[in-house]
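Comments concern the structure below.
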Amino acid sequence: MLENEVEIKNSAELLKTVEGLKNDGYRYATMICLKANDGHDLIYIFDKDYKLKNLRYFVKPGEKPKSVSGIYLCALLIENEYQDLFGLTFEGLAIDYKGHLYLTPNSPKAPLA
Amino acid sequence: MSLAKSPWIIHVNCNSCNGCDIEVVACLTPLYDAERFGVLNIGTPKQADIMVVTGSINYKNVNVLKNIYNQIPDPKVVLAVGACASTGGIFHGCYNVIGGVDQVIPVDAYVPGCCPRPEAILDGVVAALSILESKSQGKIKGKEVKLKGNEVPSNA
Amino acid sequence: MTTIIPFGPQHPVLPEPVQLKLEIDNDVVVGALPSLGYVHRGLEKFINTKDYNQTTYICERICGICSALHGITYTRAVEKLFNVEVPERGQYLRVITGELNRIHSHLLWLGLFADGFGFESLFYECWKYREAVLDVLERTTGNRVIHSMSKVGGASKDFTDEHINLLLKTLDTLEPQVKDLERVFVNNYTVKKRLVGLATMSKQLAYEAGTAGPTLRGSGNSIDLRDSSDWDIYKDLGFKPAVEKDGDCYARTKVRITELYDSIKLIRNAISKMPKGEIATPIKGFPTGEAIMRTEQPRGEVVYYVKGNGTKNLERLKIRTPTFANIPSLLLTLPGIKLADVPLVVLTIDPCISCTER
C-alpha cells in the first residue's frame, strides 16, 4: 500500500476522478501496471507541489480499461507500453499503436513484465 | 594505400545504453582526436569505410543494421564496440535482445569493455585499418547480408 | 497535399535511434508521430532473474549518460523498502557524484546541440571541457561513464583528501570555461537567430503536457525535485531551481547553462559540509512492500516504483524516465515548425532514447 492512495471501483469513477484531479492542477506523472489475482492492478500517479496522489484501479481479466489520454495527452505512451507488455487493450487511446510501440510481429509476446 | 590513410566511419547505435556511443564520439573530439588518423565521422553509409556498431541487436533494429551494412561500398570493415555489441553483454538474456552484432552481419574486430575507454576504441579502429587495407588489396567483397528468416519481417 | 518524411532512425543529428514520421505540408510540419522500439531491451522483466543488489548494476546501464543518478534513485527506492537511514557522508558522496554527472551530461548536450545547428567548433569546445569532469569521475569512482558509486545502504567508495583537492581544482578551472560557453550560447547573433522564439511552450501547456526537467522549467514552472523535501540534503546546500520564462529553445538552453553553475556551487557546498564517518549501513534480509522514489536527473524527474515480496528478487520494477515524459510534448510543439528546425526542437528536450525504452 502506497501513501496517499485511493481505491477506484469502476472505470466511470476513474475518468471522473482523473478529470477532477486535472481541474485541481495535478500533473500526470505515470501509471504502473502490476499482475494481481489473475487481473492487473493499475496505479495512476499524479503530482502537485512535490506531493504524490495515487489511484489504484483493478482490471478484471478480460476487461478493457478506459484510456485517460483524452484528459492527459501524455498518458498515451505509457498506455501503449502496457498494451505491448501486458496485452491489455485501452479503449479510446489518442494514438493507438495496437501493441507495436516497442514490439514487432516477430518479437516475444506478452506478458513481458 | 590511400584508403587506410583516410578511413571514414559511420557510427550505428543499435541497442546501446549510450555509454559506448558517447565514448565513440569522445574519440572524435579534441582530446583523443581520431582525426589524426584521417578518421572522419560521416552521416551517410554510402561514403563510409568502417562501420562502428555499439549495442546489441533487438527485433526492431536488426533490419536497420542490415540495411546500413548493405549500403556501405566494398571494401568495408565492421567494428563491434563494447560488450553488448560483441556478445550481448549484461543484457544477454533479455527477451528483446537477440545477441551480439555478429549474429547478423560479419564482424572484423571487437573492442571489449563496458564501456571501453576511448584509447581502446582507437586501438580497435587502428586494427580495423590494417584489415581494411588487406581487404582492399585482396579485393574481398562483403556478401550482401540476408536475414535467416525468423528474426524479423521486412515490414517491421 | 502533405508528404510523410521519416526522420531517423539513422540520422546524423540523432545520436540514438528513434523515428519521427513527419507529415510535411510545403516545408512546414503539420503532424508528427514518434516510432519507438529500436532500443527496447526489456529490463523490467530481466530484473526478475537478478537479486536486488545486482539490479543496481542493471539500472546503471539503462542509460550511460545519467547512469549515476539511475543507480542512486534505485538504491534510494530500495532503502525506502528496508526503511534504513544512510550515513550522512554516504548521502553527500551521492550528491557530489550526481552533480558531477549532471555537469558532464549538460556539457555533452550543449555540444550535441551546437553540432545540431552546425556550430562544430563550439561542439568540440564543450566536449573538451567535459573531459576534465570525466577525468575527475574516473579518478574518484574508477570509470569514466558507469560509476557504480551508489549501493543499497550507502555509497560504495569513499573520497580521499587527494580526490577532493582534485575535484575543487577542476571546478575552479571549469567555472571560467562555462562562462566562455555561456557567452557564445547566450549572446551569439547566429545562435540567437536559430533559437529565440522556436517551439514556444506556454507555462500552462508545459505543465499539462506532463513535461519534466529543463523543458518544464524553461517554460516558467519552478519545479525541481532537488527543491522538494524528498531529499532533504539539497535544502542544506542552499538549492534554488533555475527557471526561465520564455518557453522557447533559447530558454531551455539557458536553463541548462544556469544549472551548470548551480551544480558547481552545490558540489562546493557539499564538500565544505561533508562530515567524516561511515559511508554505508549494512543491509540484512530481503525487501518487502512497495515504494515510489523520485530524483531530479539531468533531463528531468525520474520515477522509480519498486515492489518486493520477501525474496531476493524484486517482484516489480517500473521506471518512468524524463524523456518518456517529454516525448508527448513534441507532438504539441512540432506542428508549425519548418523541417530544417525539427532537429533543433527534438534536441532541446535532450532526448535519451535508451532511458525511454529500457
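Read-outs: derived from the displayed coordinates by stated rules, not from any lab. All figures in this text were calculated on a predicted structure; none of them were measured in a lab. Here Cβ is always computed from backbone atoms with ideal geometry, including for glycine, and neighbour counts include all displayed protein chains.
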Task: Derived scalar couplings ³J(HN,Hα) [region A:27-40; Karplus, 6.51 cos²θ - 1.76 cosθ + 1.60; whole Hz; x for Gly, Pro] - done: 9, 6, 8, 6, 10, 10, 10, 10, 7, 8, 6, 6, x, 10
Task: Taking only Cα atoms of chain C, radius of gyration then Dmax in Å - done: 20.3, 69
- [ ] Using only the Cα atoms of the protein assembly as shown, construct the convex hull and provide its projected area averaged over every direction, in square nanometres to one decimal.
- [x] 26.9 nm²
Task: Average beta carbon contacts from partner chains per residue of B:21-31, 10 Å cutoff - done: 6
Open item on the list: Please compute the volume of the convex hull spanned by the alpha-carbon atoms of region C:236-358 and report it per residue in Å³.
Closed with: 150 Å³
TODO: Quick one: grab Rg to one decimal and Dmax as a whole number for region C:96-247, Cα atoms only, in Å.
DONE: 17.5, 50
Open item on the list: Can you pull out the GluC sites (Glu not before Pro) in region C:74-178 whose DSSP state is coil and whose Cβ has at most 16 other Cβ atoms within 10 Å?
Closed with: C:85
Open item on the list: If I fit a long axis through the Cα atoms of helix A:75-86 and take the longest principal axis of the Cα atoms of chain A, what angle between them do I get, 0 to 90°, rounded to 10?
Closed with: 40 degrees
Task: Residue order, fewest to most beta carbons within 10 Å, for C:161, B:74 - done: C:161, B:74
- [ ] Treating each Cα of chain A as an identical point scatterer and ignoring solvent, apply the Debye formula and state log10 I(q)/I(0) at q = 0.10, 0.19 Å⁻¹.
- [x] -0.28, -1.00
Open item on the list: Give me, ordered by chain and number, the residues 5 or more places off residue C:218 or on other chains with an amide H under 5 Å from its own placed amide H.
Closed with: C:244
Open item on the list: Based on the alpha-carbon set only, what is the convex hull volume of region C:212-267 divided per residue, in Å³?
Closed with: 61 Å³
Open item on the list: Cα atoms only: what Rg and Dmax, in Å, come out for region A:5-67?
Closed with: 11.8, 37
Task: Flagged links, alpha-carbon separation over 31 Å, of C:235/C:318; B:5/C:338; A:66/C:284; C:80/C:157 - done: B:5/C:338; A:66/C:284
TODO: Could you state the orientation-averaged shadow area of the convex hull built on the Cα atoms of chain B, in nm² to one decimal?
DONE: 8.5 nm²
TODO: Report the far tail of the P(r) of region C:253-316, meaning the percent of Cα-Cα pairs longer than 18 Å.
DONE: 64 percent
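What value, in deg cm²/dmol to 500, does the helix sum -39500 (n - 2.57) over DSSP H runs of n ≥ 4 give at 222 nm once divided by the residues of chain C?
That comes out to -15000 deg cm²/dmol.
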TODO: Give me the Debye-computed log₁₀ of I(q)/I(0) at q = 0.16, 0.18 Å⁻¹ for region C:166-321, equal point scatterers on Cα only, no solvent, two decimals.
DONE: -1.04, -1.16
Task: Volume per residue that the Cα convex hull of region A:68-113 spans, once the total is divided by residue count, Å³ - done: 60 Å³
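Which GluC sites (Glu not before Pro) in region A:1-48 sit in a loop by DSSP (not H, G, I, E or B) and have at most 10 other Cβ atoms within 10 Å of their own Cβ?
A:3
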Open item on the list: Using square roots of five times the C-alpha gyration tensor eigenvalues, list the equivalent-ellipsoid semi-axes of region C:1-57 in whole Å, biggest first.
Closed with: 37, 11, 7
Task: Cβ-Cβ FRET estimate between residue A:36 and residue C:175, R0 fixed at 45 Å, reported to 0.05 - done: 0.30
Task: Nearest-20 debye value, region C:3-357 charge dipole, Cβ charges on Lys, Arg, Asp, Glu - done: 440 debye
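Report, in deg cm²/dmol and to the nearest 500, the calculated mean residue ellipticity at 222 nm for chain B, where each DSSP H run with n ≥ 4 adds -39500 (n - 2.57) and the sum is divided by the residue count.
Taken over chain B, the calculation gives -9500 deg cm²/dmol.
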Task: ³J(HN,Hα), Karplus 6.51/-1.76/1.60, whole Hz, each residue of region A:55-66, x for Gly, Pro - done: 10, 10, 10, 8, 9, 5, x, x, 6, 9, x, 7
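Just to confirm the filter: which trypsin sites (Lys or Arg not before Pro) across region C:58-92 are DSSP coil and have at most 15 other Cβ within 10 angstrom of their Cβ?
none
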Task: Dipole of region C:127-239, positive direction: furthest Cα of C:197, C:166, C:142, with charges on the beta-carbon - done: C:197
Task: Amide H within-cut-off set for residue B:58, under 5 Å, with H built and near neighbours excluded - done: B:98
